[in-house]
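What follows is calculated from the coordinates using simple rules that are stated; it is not laboratory data. Given the structure is predicted, the values throughout are model-derived calculations rather than measurements. Counting neighbours? That spans all protein chains shown, and the Cβs are built from the backbone with ideal geometry, glycine included.
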Amino acid sequence: QVQLVESGGGLVQPGGSLRLTCAASTTILRAYAMGWYRQAPGKQRELVASTTNDGITVYADSVKGRFTISRDNAKITVALQMNSLKPEDTAVYYCNARLGITVYWGQGTQVTVSS
């Protein structure tokens, strides 16, 4: 059974930093694109950042220059370093693994940016 387990969410003040990590339960996901999505209350889930297995990255315009996605293919983990956090970054963040039409999701981790 494929599992994605996120960690690292929490409460942070505006301008602060958090690092999210997602660990996969199987090396099958080594070939998958992996990334992070987020969903704020009352809003649709949106892509934050993603990376292919050969390192091609994509970022949402709203996080460019502040967030960095990285991947460890040996450990099958993907991390999201979030700097200069803003209140509008508050959301549940979900890890995602995708290959063609096959998609897996983590359970989500809450990130709250508030003073």
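Summary of computed values
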item: Residues that are small (Gly, Ala, Ser), in a loop (DSSP other than H, G, I, E, B) and crowded, with 18+ Cβ neighbours inside 10 Å, drawn from the stretch 50-93; result: none
item: Meets criteria (touching a Phe, Trp or Tyr at 6+ places or on another chain (Cβ under 7 Å), hydrophobic (A, V, I, L, M, F, W, C) and surrounded by fewer than 20 Cβ atoms within 10 Å (Cβ to Cβ)) for TRP36; result: no
item: Selection within the stretch 48-102 - under 23 Å from LEU11 (Cα atoms) and among the aliphatic types (A, V, I, L, M); result: VAL48, ALA49, ALA60, VAL63, ILE69, VAL78, ALA79, LEU80, MET82, LEU85, ALA91, VAL92
item: Near pairs, Cβ below 8 angstrom, 6+ apart or cross-chain, from the stretch 102-115 (farther than 24 Å from GLN1 by Cβ) to any residue that is among the charged types (D, E, K, R); result: VAL111/ARG38; VAL111/ASP89; VAL113/LYS86; VAL113/GLU88; VAL113/ASP89
